[in-house]
Amino acid sequence: MQEWSASSGTPIKIGAPVIQRGGRAEEDIGRVAVFLVSEDASYISGYTYWVDGGFCMDASR
């Protein structure tokens, strides 16, 4: 079942992860955390990263 965002009217949940494997918190979330504290992310601010294999997706992107 598709869920919709009340504020934007866009789909917020597809129903199954796009990436067809189980998540590994230490690797998947850890890599994002390491990136965000690195110099490569020094110009990034005010954004939410969903590390969930594509389970929650914003159709407007």
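The values are calculated or read from the model by the stated rules, or taken from the named source; none is laboratory data. Because the structure is predicted, anything quoted here is derived from the model rather than measured. For neighbour counting, all protein chains shown are included, and Cβ atoms are generated from backbone atoms with ideal geometry for every residue, glycine included.
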Between residues in the range 31-55 that are touching a residue at least 12 places away in the same chain (Cβ under 8 Å) and among the aliphatic types (A, V, I, L, M) and residues that are in a loop (DSSP other than H, G, I, E, B) and surrounded by 11 or more Cβ atoms within 10 Å (Cβ to Cβ), which pairs lie under 7 Å by C-beta distance while being six or more apart or on different chains?
-> Val32/Tyr49; Val32/Val51
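Yes/no per residue for (1) at pLDDT below 85; (2) assigned to a loop (DSSP other than H, G, I, E, B); (3) of a type outside the set (Asp, Glu):
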| position | (1), (2), (3) |
| --- | --- |
| Ala6 | yes, yes, yes |
| Gly15 | yes, yes, yes |
| Gly22 | yes, yes, yes |
| Ala33 | no, no, yes |
| Asp40 | no, no, no |
| Ser45 | no, yes, yes |
| Met57 | yes, yes, yes |
| Ser60 | yes, yes, yes |
